[in-house]
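*Asks:* First the structure, then my questions, so here it is.
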Amino acid sequence: MEQADGTAHGSATAVEYVRPEVRLLPAPTAVSEAFWTGGRDGRLLIYRCRSCKRWFHPGSAACFRCRSTDVAPEPVSGRGRVAAFTINRQPWIPGFPPPYVVAMIELAEEPDVRVVSNVVGVAPEAVSIGLEVEVFFEPRDDIWLPLFRPAAGVSDE
């Protein structure tokens with residue numbers, strides 16, 4: 001996974017991603033810092049339990065399944081599918097123009113692990129449940145926001 005411009009790969013509905021002027025940024029904690037900064041190295045870091053081997057997001061100090069505290073962020077492929085989405089058409093944030101897609105992405109490594117993000121590089125009307133996506137990162141200050149675009153080779157033709 002490398003940083004890219006967000007343009008959809010192989011999709012007839014590809015649109016150029018225009019970086020918004022403004023984004024509201026998170027305030028990373030000791031547990032969430034890896035998620036927000038892993039993009040610097042081109043890696044989407046998600047917590048994994050070393051005892052039961054299951055992934056979970058958001059991260060925490062213990063696995064919610066087996067209660068082990070032997071957990072740490074590890075890189076995932078950055079590939080997944082759109083599990084749910086909405087198209088925002090309201091201008092809530094000056095400098096962040098609509099329309100834009102807010103989606104729940106189920107990760108390929110473990111479909112019940114989901115990340116909420118934007119799907120970009122594709123017309124909002126072309127986003128659908130099950131759309132295969134891949135991560136790329138938008139740097140903002142010391143934060144590397146994970147965004148998703150249609151995966152390479154995915155086409156609606």
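*Asks:* Name every residue in the range 27-46 that is in contact (Cβ under 8 Å) with a residue 12 or more places away in the chain and open to solvent by 70 Å² or more (accessible area, probe 1.4 Å), in order of residue number.
*Replies:* Of everything in the range 27-46, those that are in contact (Cβ under 8 Å) with a residue 12 or more places away in the chain and open to solvent by 70 Å² or more (accessible area, probe 1.4 Å) turn out to be Arg40, Arg43.
*Asks:* Do we have Arg23 as surrounded by 14 or more Cβ atoms within 10 Å (Cβ to Cβ) and in contact (Cβ under 8 Å) with a residue 60 or more places away in the chain here?
*Replies:* Considered against the rule, which asks whether it is surrounded by 14 or more Cβ atoms within 10 Å (Cβ to Cβ) and in contact (Cβ under 8 Å) with a residue 60 or more places away in the chain, Arg23 comes out as yes.
*Asks:* Could you check the range 108-145 and list, in sequence order, the residues that are at positive phi and surrounded by fewer than 16 Cβ atoms within 10 Å (Cβ to Cβ)?
*Replies:* Gly130, Asp141
*Asks:* If you don't mind, another one. Please enumerate the residues belonging to the range 47-94 that are closer than 19 Å to Val119 by Cα and open to solvent by less than 30 Å² (accessible area, probe 1.4 Å).
*Replies:* Once the filter is applied, which keeps residues that are closer than 19 Å to Val119 by Cα and open to solvent by less than 30 Å² (accessible area, probe 1.4 Å), the range 47-94 yields Val76, Gly78, Gly80, Val82, Ala83, Asn88.
The values are calculated or read from the model by the stated rules, or taken from the named source; none is laboratory data. Quantities reported herein were computed from a predicted structural model and do not represent experimental measurements. Counting neighbours? That spans all protein chains shown, and the Cβs are built from the backbone with ideal geometry, glycine included. Please note that ligands, DNA and RNA were not included when accessible areas were found on the heavy atoms of the full protein model with its side chains. Shrake-Rupley method; radii C 1.70, N 1.55, O 1.52, S 1.80 Å.
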